[in-house]
Every structure is written in C-alpha cells, then in structure tokens.
Amino acid sequence: MLDSTRRLFTLPVEAKQRVSLASGGTAWRGWFPLGDELTSGVPDLKEGFYVGRESPASALPLHGPNVWPQEVPELKTEVLSWMERMETLGQRALATMAVGLGLTPSYFERRLTSDPTVLFRMFRYPPHPEGAADRWGVAEHSDYGLLTLLAHDGTPGLQVKVGDTWTSVDPDPDLIICNIGDMLDRLTGGRYRSTPHRVRNAGGNDRISLPFFLDPAWTASVEPLSLGGEWATPADRAERWDRADLSTVSGPYGDWLLQKVRQVFPALAETVLDDASSST
C-alpha cells in the first residue's frame, strides 16, 4: 500500500484532478494538492487523498462512494483491506480501554461504534523547505474522534506534546501509532487525553503517512461517563491548540465533525457541502 500510495502521488496533476475532493462531492473523497488543507488557518505542507467506507450515493455528508485513480488499480483493494484490519484493531483497542475504565469490553462498541464513522487518509509530506521554520507539514492539532491508528514509511517527522514538551515519535515503520482523539477525551473527562501532535518531514525524501480514524457513529451523542475518582480533570480550554471547550460539545458526532471539516477546507466546504445543504 505504501508503494501504491507513492505511485498515486507521482501521477500527473491532470490524473489526480480527475479524482479530486471536488469530484467526490459531499462524500468528501479524493485528492487534494499541497497546501489545500489548513490547520489553524495556515496551509499544511502536505498532499493528500481521502477515503471512507464504500457505500451508495447518499445525501448525508461524508457518506457515499469513494473515487479511485484508474492509473493505480490495485489501490482500491489494498486500501479497503487495510481499513477492515484497522477497524478490527481499533475496536480491540477500545475494548481494552473500556476495561481500563472499569467498563465491560463491549461498552464502546455497543454505545458508540457499532456503526462507526470510518475515515482513512493518505498523506505525502515533501522534504521541509529551507528557511521555513514557522511552517509545518501539519501544525499542532488533535484528532476529532476516538482513535487514530497511524502507519507510515519510517521517515521521521511526527512529534507529540507531553505536558509542555514536544517529543519525537519513534519512526520505526513496523509500529502502528495510536493517537487518542477529542471525543475519547470528552467521554472520560481527561483520563484518556487527546494527543496534540504535529509533523515536519525531517528526512530528505517524501514522508508517506497513512492515518485511519475510528470515530463514533454519525448520529451518536458523545456524553461524559460517570467514572468517579479525582485523579483526572478535563483539559483547560486555554491550553488547547484550538481553545475548544470539550465539555460543551453536544448533539450528534456528525455535527462536530462537519464543523471541523469546514475549518480545514473552508473554500471546498462552501462550494460542496453548503451548496448541497441549500439544495436539499
């Protein structure tokens, strides 16, 4: 899959434009060029390709069929197989975390992930340009949902924030890195804290990153658990990268996710998601 992803990103721009995010419509699937995605309003130094579960066309945003490049025919089979394996692994990780909280192993699957929101991304981070110390492949952020399972090609560049200290993550390509998302933080009152992280390609070649996101069901309402104990507190809003107050999140998970999508792709959201909403 790493090899197929590299072939995808080396295709001519015209071929990639045929499977662009705009061509995917409200399903929000496909390719975007370097600099199109924003973090905190600043363009990321990465190119990407978005995938989700294969499903029929739907009026529901972020649901529907994927788009696949004809020039890399093996990509579809490889990606869908990988997503299936990562979903199984993610559910196992959540079951283990549930036990750690004193809950039954099936708690999260019964309440939130029996029909999860599943997203997969392929990213290419080019070598970081000289003289761009204030820029990032992707700047500080935390993921939106429950768990992220990240595979990569072994090129260093990922950093996580522990307290006030940024720490480089072991670039061993045999590791699957697990990031905790904002909704698990909200659920557990900070016992499982969402992981601030950022990327700057520290190598001399492209860095390929393959994050898989296992999130709550689209219509699920994520409410804090009554766990007791005094050893954890919710994240201070003033200390978060986006100044969000997770304790006030309400309504379906899909609403939270769409809010985030509009922030990272504002122009595309205006033309694709908002136009679709006004016509239904």
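The values are calculated or read from the model by the stated rules, or taken from the named source; none is laboratory data. Quick caveat: nothing in here was measured; it's all calculated off a predicted structure. Using ideal geometry, Cβ is built from the backbone for each residue, glycine included, and neighbour counts are taken over all protein chains shown.
Could you list all residues from the stretch 151-172 that are part of a strand (DSSP E or B) and surrounded by 21 or more Cβ atoms within 10 Å (Cβ to Cβ)?
Residues of the stretch 151-172 that are part of a strand (DSSP E or B), as a first pass: 151-152, 158-162, 165-168.
Result: HIS152, LEU158.
Under the condition of being under 15 Å from the mean Cα position of the chain (by Cα) and part of a helix (DSSP H, G or I), which residue from the stretch 173-189 is surrounded by the fewest Cβ atoms within 10 Å (Cβ to Cβ)? Walk me through it before giving the result.
Let us first name the residues in the stretch 173-189 that are under 15 Å from the mean Cα position of the chain (by Cα), namely 176-184.
If we keep only those that are part of a helix (DSSP H, G or I) too, we end up with 182-184.
Working: ASP182: 26, MET183: 24, LEU184: 26.
The extreme case among them is MET183.
List the residue pairs whose Cβ atoms are under 9 Å apart, where the first residue sits in the stretch 176-189 and is at positive phi, the second is among the polar types (S, T, N, Q), and the two are 6 or more positions apart or on different chains.
Every condition considered, the pairs that remain are GLY189/THR233; GLY189/SER247.
Assuming GLN91 fulfils every condition listed in (1) under 22 Å from TRP218 (Cβ atoms); (2) free of Cβ contacts under 8 Å to residues at least 12 places away in the same chain; (3) among the polar types (S, T, N, Q) apart from one, which condition is it?
(2)
Please go through the stretch 40-75 and pick out each residue that is of a type in the set (S, T, N, Q) and surrounded by 20 or more Cβ atoms within 10 Å (Cβ to Cβ).
Correct list: ASN66 only.
Conditions tested, residue by residue: (1) of a type outside the set (Gly, Ala, Ser); (2) within 26 Å of LYS260 (Cα to Cα); (3) assigned to a strand (DSSP E or B).
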site	(1), (2), (3)
THR88	yes, yes, no
GLN91	yes, yes, no
THR96	yes, no, no
GLY102	no, no, no
PRO105	yes, no, no
GLU109	yes, yes, no
THR113	yes, yes, no
ARG121	yes, yes, yes
ARG124	yes, yes, yes
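Would you confirm, using the coordinates I've provided, whether TRP231 is modelled with pLDDT under 90, on the phi < 0 side of the Ramachandran plot and aromatic (Phe, Trp, Tyr)?
yes
Taking the stretch 17-36 as the region of interest, how many residues are part of a helix (DSSP H, G or I) and within 21 Å of the chain's Cα centre (by Cα)?
Selection size over the stretch 17-36: 7.
Does LEU149 satisfy the criteria of being touching a helix residue (DSSP H, G or I) at 6+ places or on another chain (Cβ under 7 Å) and at pLDDT 95 or above?
yes
Tell me the residue from LEU8, LEU80 that is part of a helix (DSSP H, G or I), modelled with pLDDT of 95 or more and closer than 30 Å to THR219 by Cβ, please.
Matching residue, one of LEU8, LEU80: LEU80.
Please state which of the following conditions PHE212 fails to meet, knowing it meets all the rest: (1) modelled with pLDDT of 90 or more; (2) in a helix (DSSP H, G or I).
(2)
Return the pairs, sorted by first residue and then second, in which the second residue is polar (S, T, N, Q), the first residue lies in the stretch 1-25 and is surrounded by 18 or more Cβ atoms within 10 Å (Cβ to Cβ), the beta carbons are less than 8 Å apart, and the residues are 6+ apart or on different chains.
Final answer for the pair search is GLY24/ASN66.
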